[in-house]
Structure formats: structure tokens, C-alpha cells
1. Can you tell me the FRET efficiency between Ser60 and His24 if r is taken as the Cβ-Cβ distance and R0 is 22 Å, rounded to the nearest 0.05?
2. Using only the Cα atoms of the chain, build the gyration tensor, take square roots of its eigenvalues as a ≥ b ≥ c, and label the shape rounded, prolate or oblate: rounded if a/c is under 1.5, else prolate if a/b is larger than b/c, else oblate.
3. Within straight cross-link reach of Lys2, meaning Cα distance under 12 Å, which aspartates and glutamates are found once same-chain residues fewer than 8 apart are removed?
4. Counting other Cβ atoms within 10 Å, keep those with at most 15, restrict to DSSP loop, and tell me which GluC sites (Glu not before Pro) in the range 98-177 are left.
5. How far, in nm, would the chain grow between Gln4 and Asp193 when pulled straight, counting 0.36 nm per residue and subtracting the alpha carbon separation?
6. Based on the alpha-carbon gyration tensor of the range 4-93 and its eigenvalue square roots a ≥ b ≥ c, which shape applies: rounded if a/c is under 1.5, prolate if not and a/b is larger than b/c, or oblate?
7. Who wins for biggest fluctuation among Val191, Val137, Val124 in a Gaussian network model of the chain, springs between alpha carbons below 10 Å?
8. For helix 13-25, what angle does its Cα long axis make with the longest principal axis of the chain, in degrees from 0 to 90 and rounded to 10?
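Only the coordinates and a few stated rules stand behind these numbers; no lab work does. Bear in mind that the values here come from a model prediction, so they are computed numbers and not experimental data. Because the Cβ atoms are built from the backbone with ideal geometry, glycine has one as well, and the counts that use them run over all protein chains shown.
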Amino acid sequence: MKNQKAIIIGTGKLAEYVYMALTHDSLYEVEAFSVEAAFNGHSNTLFGLQIITLESLLESHPPGQFHVFIAVGNNALRERLFKKVKAMGFTCLSYLSSRAVLWPDLVCGENVLVTELSGVQPFVTIGDNSILFGARVGHHSVIGNHTLISGCTLAGNVKVGDSTFIGLNVAVKENINIGEANIIGMGSIIVNDTSNGEVYLNAPTKRRDMPTNVKIKFSEKFL
């Protein structure tokens, strides 16, 4: 039974995902969506719910009666909005999927999203306003504030600094400290500590033409 009410900040694809997650896997009933007036599009509704400007949210949805979730993927924008709604007096809810593998000693802040297929081992801390999309986080790791970690594997005792992005299929060795505001691109392998503000990219796979003789043999094999 739904016993709490939520406002989703954002109207993009992540907001749509969060709407589905809260609707089908939480005690929250989504009441409305909200965006800043400058980003309000042509539609006034999403999933049949009203889209309210953030500037007018306090008038219709007082903080004591509604929790909010900031469903914005960009770390810097999500951080700005987090600070804005906190200054307005709102409490941000966190969503931890029932299909994630979590331990009861998990410590997490506000506005945390942990999706299905994520696995978080014991003695882990996740800071405010951070997103784990299908990530595997080893024991005794600490995830900072305003981070986004997607489909990667962190070994045990890894520290991730604030505002860092870690992409798909990244592997981070145990006991590594990742600095603040890092961008670690898809498929990277991190075996040494990183400093603040660094970017790590793994070369993308290159397309190569298949030799004619191989192409013919491959085709004949499946005729």
C-alpha cells in the first residue's frame, strides 16, 4: 500500500525510469513531475501527471507532505538541483531496488538511486545524490556525493570522490582511491589512484573490413 507521496524532478528518460521504479517497487505514490521554468517543454503532463515548475512547487506541494527525487543524469546539474531543493526545505527520497543485492549495513544518503542488478557488498557507504546503475561495489568501499556509476565493477575498499562519473564495464582494482570530478570512460581498467579532475578513456573498438576469402567461407558455412 502506498503511504508516501513523491515529486520527481526532471522529465527526461531517467525521470521516466524513476517513475516506473517508484510506481511498481516502492511505497511512494508519484504525485507530479517538476522542472525549472527555463526547461519546461510544450507538454504539461507526463504519464497523466502534472508537470509543475520548480519555482512554483512550494505553493502547491509543501515539503512536509512530499518527498522529491532528482532524476537527472548529469552530475553537475543534479548537484545544483539537489542543493536547490534542499534549500527549499524538501527531503529527497532514495530508491534501492528490491532486485538489487544489498546488505543491511549499507549506509546511503539522500537522493540515492540503486537499480536492479546492482550488487553492493557489506561495509559500503554511498553519499548523497549518487546513482548506481547495475554496478558491482566491493566491500568497504565509499562512494562520494553526486556520482554516477554505471554497469561497472569496483573491487573491495575502493574510494570514489565526489562528482565522478564511471562508465560501463569499467574495472577498478582493490584499495584504489579515485579522485573527485573524474570521468572514467567505458571499458577502462583502473589499477592506480587517480587525481582530481582527470579523464580516462579506453580506445573504442575499430571496424575492420572482413577479407573476401573469409567472408565467402563464413557465408558457405551457414548455407
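1. Plugging the Cβ-Cβ distance into 1/(1 + (r/R0)^6) gives 0.30.
2. prolate
3. Asp25, Glu29, Glu31
4. Within the range 98-177, the qualifying GluC sites (Glu not before Pro) (loop, at most 15 other Cβ atoms within 10 Å) are Glu116, Glu174.
5. On the way: separation 189, 0.36 × 189 = 68.04 nm, distance 4.18 nm.
Length difference between fully extended and current span is 63.9 nm.
6. Numbers: a/c = 1.18, a/b = 1.07, b/c = 1.11.
Rounded is the answer for the range 4-93, as its axis ratio a/c remains below 1.5.
7. The residue with the greatest mean-square fluctuation here is Val191.
8. 70
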